[in-house]
Every structure is written in C-alpha cells, then in structure tokens.
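The values are calculated or read from the model by the stated rules, or taken from the named source; none is laboratory data. Not measured: the values here are computed from a predicted model. Don't worry about glycine lacking a Cβ; one is built from the backbone with ideal geometry, like all the others, and counts go over all protein chains shown.
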C-alpha cells in the first residue's frame, strides 16, 4: 500500500510539472510494470508555432532513468505529400503533428519453455499499452478516391510493454488500403540522461570498452549500451527483434542525449513493426544480467516444429586441414567429452575469393568429409564446417542439401555483412533455410543478437564480441557479462594452453561457466597434443553449455563477476577477476537446502607442478557454506558441485569457514 501511495504521489508531481509545459492533456498516458517499479510516461506537447511532438520519460523505483525524450520516425514518401493537408517539409517527421486517436491496454502473464537456454522456464509477464495516432488530416484517399478510411495511409501506433525486467517500445504501421510502401530514413527516438551519466562505449561489436561521459564521442556506440547514472542506477539500452530492418547504434546529440542512429534507410510495406527499443534499469548491476530474458521475450515463439536435432555442445576447431589430423581431433573430442569438431576456414579454398566452391574440398587439402563425418559419428561426435558469406550468398541453396547428405551438423557463417536492411534480411532468411535442412548455425564477426534464437533456435550462437582469440585482459572479461552478454549468447572462443593469454588458467576455466554460449568453443588455438593430463581439465570435460537455472551471485562492472548455473542436479560456478588481486566471498545459498555437495574447486596456485598452475581441491559443502578466495591478478576460480553420496561424506573434509582458497 505504501509503495502504491509513493508511486501515486510521484506521478502526481510529474504530471503537474508536465501539464505546466503545454502538454496536450488527452495524450498523457502512463504504464507501469507488473511489480510497479517502472513507470513509463507518454505525452505530446505543443510548441508556440502549433507543432506537436511526441515525448516519453521513464522512472525506476522513483528514480529518473530517462528524462523527457523525443519519439518519432523519419519517412520520405511522395505519396504523403499529395495526400496530407500539411506542409511537405514536415511530412518526413513522424513524431511531429500526429493526432492522438485512442489507446488499448492488455496484460500478458505466462511462461514458456525454451528449446535450450540459461533457464529451463522463462517468465513472460508484461503490461502493454498501444497508442494510436494519425498523421495530419486527409483531404482525399490518393488511391481509392475521396473519403476517409480508418486503415488509411498515415496511421502509426506506438506500442509500449512494461516488464519487471525492463521497458520496450516500438513503432507499428497498421495495414493500409493499398499496402503502403514506406521509405524510413531515420528515427527521432532519443534517450536523455541526467548530468554525469557515463557509458561503456564501444565503437564496433568486436572492440574493447571505454567508460566515457556522454559528451564528445568520436562516433556511435554499439548496442547493448550499459550506463552508470549519478543516482546509482545501472541502465542498459538494447534492441530486440531486428530481423528485417536496419541496425541501430547510439549517437550523441549534444550532451547527455543519445539518439537511435540507423545504419541506413529501410523500405517496408504495411503492416510493419520496427524493432523494439529496450531500456533496463537496476540498482545492482548484477540484476541486469539476471533480467536478460527480456530480449528473448520480445521475439516470436519458436517456429521449428521438430527440434530433436538441435543439440548444443562443446566444440574444438581443426586448423590443420588434413584427414589424419582431423581424425586425431575427433579422438580428442571424444576423450574430452566434447560434442563437435569444426573444420575451419580454407577447407574449400580461399574464403576471400568468389570463385571458391563450397560444394567440394579444395584440391590442396587431403580431406574426405563424408568419411570424416562417418568416423566422427561412430565416436558420437558431430562435424561443423566454416563457410564464408561469399560462398553462402552464391551457393546456399546448393550446399544445404549437400551438407545434409554428407551429415554435416552445423555451419559457421564467416565475415557476414551486417547493418543495412538487405544483409539483415538475407542473414535471418539464411538461418531459416538452414533450419529446413536441420543445419545448426554460428554467425561470426560483427553480428550481435537481438533474440532471433527464440524463434529459430538452430541459431546457437554468434560472435559480435572482442573474444579470447584477441587475448584481451581480465578487466575486459569482467565487463562483458554486464554489456555484450545482455544481448544473448556470444562465441568467445576460449583459449587455454596458448602462451599469449593475459589471464590465469583458472580464469580461463571459469569462462565456460560465466559466459553463455550453447555452442562453446574450447581450446581455440590448441592441438590435442597440448593436453598433458592436467587434472583441472576435468572441469571442461564436465561443464555444460545450456542450463536449467542461472544465478548471478555477485559482481561489479569491470571488477569481478560470479555466476552459478545448474544442469539437472549439478551446479557449475565461475568467478572472473580483473587485472588486480581480489578477495572474493561466495555464499552457496543457491544450492539445495538440506543437501550436501562435493565441491570440486579449481584455483590458481603457483606451487602446483604443472604448466597451467591450477590447484584442485575437493571439499564437502552445503547451502550454508560461504567460500573465501584470494584471486591472483587476472585470476579466477571454477567450481563443479555434485550431490554427495554417503561414501563422499565419509571421504571428503567439510569446508572450514576460515579456510581461504
């Protein structure tokens, strides 16, 4: 009752302030999340020259997230200029001079079971507000003669959804009587923040992050974009269901205001909905990670009827492309409990030449793919192949039935073009075609997800990240869960034995639990001979890639992060520290109560007589246990929890609360 009263008083004050600024009172609408923490406000204001503009603002738990910001779409269509009784120079701006018509509200409260994911059950609970607006006043219908038609050529809806996890809105153009064509050249959509807001800026999808104030940026920033507000809130701006539009980034407009910046124009036919613009807020940055299901929820349900063939798993890359070596990789994969091997770039020829033929092995390679696939299948291992977009563009319809015949399980798309509408549409259509032939997909390079894996779960993962193959430092690794991974799975390409890594080996182990990727590449630069029976490799052997539950234990952006994930009765936990030494306290409250577990703990220890210097400790723990760790600089730890048998209880020592691991 007190919370509702506080919210009422807050809204009353806000409304009083807004109404004093020439707001059109009949346009004011407010939408709250089911738990009441988010309050989204929509309204129009009229300037002295009579121009009307759409605005919104957003609060979370009484704190301002987004200050008054513009809404609207920029459209260039000669059709409108002859149809609307408004000046031609304002026709482009579909945030100005719209007339509010009416609104609808609805509630959805359900859950759904993903084919795979970070959780076996996803809650989908939101309040929705549909605002219907009309552009100008029609003198006539340019196609069907005089008279007004409710499905006219100049209607637009603003659709807003309020989840407990965040707020999302989009623009929808209802079906017009002539299937109206729209040439969208931009958006007015803005996100205005208070002074002293900082953002984790990254120019490209595969670059590193800088914490910058919202001023004097050198260019646009990628999405999702994570921000820290002066009022203590952590905020994420993201995009969802971007499958046939043009990619958005964020561009500064003056100081402290970001604007949706589209890569290019988009040509669409009504009815049409733009991608969702998503805003998440939290007092604790870890809650942003916990709430990332909102991106999936904003996408349509799974459209693949039979999903039995969709098998997530661990994979090793074969870079020495000859039959004898490939067979050794298959043997290694089987011994180390991996599920796949991957033939990397070059197996069919140069990936940069249009003349390379992905329907056959290059004459320079001693490879027999059907024989390799048969041998791998006898070991329970599937085979993936790399195919560059040049070959995919020319040969996709030819190679899919061929690869199905060979027994290929998946394709890694290489060097995909992204950004404009053509390549965005092509890419998602290619994933759909792969599903028809029961082919899994991993998209590499700049592509970042917006939730399409819910609709087509054969898209297991994608890159769009500055991954381990580039040997980033540990601080970079502790930023990623709060930034890039909010959007969805990322193919980080974990390295282990390579001498160029800038982290400890326990840090590398922990990545397999912290970083979510249904297709998890391990041993990226390694050969099977690199393995010399290091005992900690059992963690990679046992760790899973998809989960029944995920708990975000603790963390701070750029400092450290601890995440625990459950597969049936087993739990796997990883902690990543930054470049500095850290004392980490990890409560085990996520474990089942009244049950004992054996914790297989992997920590850095320079005294261990292996090249990787990882110590293995096995202790008896319960949900009441609190583990204490002293992380090395650039260090981490990994833990595998297994329910303890009666014999285990007798065999292993109970964890000592004063023990530091």
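Descriptive notes on the structure:
- Scan of region 568-579 for residues that are over 16 Å from residue 508 (Cα atoms) and in contact with a strand residue (DSSP E or B) (Cβ under 9 Å, 6 or more places away or on another chain), ordered by number: 569, 570, 571
- Search result, residues across region 291-309 that are crowded, with 16+ Cβ neighbours inside 10 Å and farther than 15 Å from residue 452 by Cα: 291
- Looking only at region 334-357, and only at residues there that are touching a helix residue (DSSP H, G or I) at 6+ places or on another chain (Cβ under 7 Å), at pLDDT 95 or above and farther than 20 Å from residue 374 by Cβ, the one that is surrounded by the fewest Cβ atoms within 10 Å (Cβ to Cβ): 337
- On inspection, residue 367 fails the criterion of being surrounded by 16 or more Cβ atoms within 10 Å (Cβ to Cβ), touching a strand residue (DSSP E or B) at 6+ places or on another chain (Cβ under 8 Å), modelled with pLDDT of 95 or more and closer than 30 Å to residue 515 by Cα.
- Any hit, region 318-341, residues being assigned to a loop (DSSP other than H, G, I, E, B), touching a residue at least 12 places away in the same chain (Cβ under 8 Å), touching a strand residue (DSSP E or B) at 6+ places or on another chain (Cβ under 9 Å) and closer than 30 Å to residue 557 by Cβ: no
- Count of residues meeting criterion [surrounded by fewer than 20 Cβ atoms within 10 Å (Cβ to Cβ) and at negative phi] in region 401-420: 8
- Some residue of region 154-161 being at pLDDT below 95, in contact with a strand residue (DSSP E or B) (Cβ under 9 Å, 6 or more places away or on another chain) and in a strand (DSSP E or B): yes
- Scanning region 440-457 for residues that are farther than 15 Å from residue 415 by Cα, touching a helix residue (DSSP H, G or I) at 6+ places or on another chain (Cβ under 6 Å) and either free of Cβ contacts under 8 Å to residues at least 60 places away in the same chain or surrounded by fewer than 23 Cβ atoms within 10 Å (Cβ to Cβ) (or both) yields one hit, 456.
- Checked against the criterion of being surrounded by fewer than 14 Cβ atoms within 10 Å (Cβ to Cβ) and more than 19 Å from residue 476 (Cβ to Cβ), region 195-209 has at least one qualifying residue.
- Residue tally, condition within 27 Å of residue 186 (Cβ to Cβ) and either in a helix (DSSP H, G or I) or in contact with a strand residue (DSSP E or B) (Cβ under 9 Å, 6 or more places away or on another chain) (or both), over region 394-417: 1
- Test: residue 394 is over 18 Å from residue 343 (Cβ atoms), at pLDDT 95 or above and crowded, with 21+ Cβ neighbours inside 10 Å: no
- Some residue of region 217-231 being more than 23 Å from the chain's Cα centre (by Cα), on the phi > 0 side of the Ramachandran plot and outside any helix (DSSP H, G or I): no
- The set of residues from region 370-388 being closer than 20 Å to residue 519 by Cα and assigned to a helix (DSSP H, G or I) comprises 373, 376, 377.
- Failed condition for residue 529, given (1) crowded, with 24+ Cβ neighbours inside 10 Å; (2) assigned to a helix (DSSP H, G or I): (1)
- Considering each residue of region 146-153 in turn, at least one proves to be at pLDDT below 95 and crowded, with 18+ Cβ neighbours inside 10 Å.
- Check on residue 430, under 23 Å from residue 268 (Cβ atoms) and either surrounded by fewer than 24 Cβ atoms within 10 Å (Cβ to Cβ) or touching a helix residue (DSSP H, G or I) at 6+ places or on another chain (Cβ under 8 Å) (or both): yes
- Among (1) in a strand (DSSP E or B); (2) under 20 Å from residue 658 (Cα atoms), the one test that residue 566 misses: (2)
- Test: residue 561 is in contact (Cβ under 8 Å) with a residue 12 or more places away in the chain and more than 23 Å from residue 595 (Cα to Cα): yes
- Count of residues meeting criterion [part of a loop (DSSP other than H, G, I, E, B) and buried (at least 23 other Cβ atoms within 10 Å of the Cβ)] in region 496-507: 3
- When region 111-145 is limited to residues that are surrounded by fewer than 13 Cβ atoms within 10 Å (Cβ to Cβ) and either out of contact with any strand residue (DSSP E or B) (no Cβ under 7 Å at 6 or more places or on another chain) or farther than 19 Å from residue 294 by Cβ (or both), the one that is modelled with the highest pLDDT turns out to be 113.
- When residues of region 465-480 are limited to those that are outside any helix (DSSP H, G or I) and in contact (Cβ under 8 Å) with a residue 60 or more places away in the chain, the one surrounded by the most Cβ atoms within 10 Å (Cβ to Cβ): 465
- Candidate set: region 532-563, residues that are part of a loop (DSSP other than H, G, I, E, B) and out of contact with any strand residue (DSSP E or B) (no Cβ under 9 Å at 6 or more places or on another chain); chosen: the one surrounded by the fewest Cβ atoms within 10 Å (Cβ to Cβ): 533
- Qualifying strands (runs of 3 or more DSSP E) (wholly inside region 250-317; at least 1 residues being closer than 22 Å to residue 485 by Cβ and at pLDDT 95 or above): 257-262, 276-282
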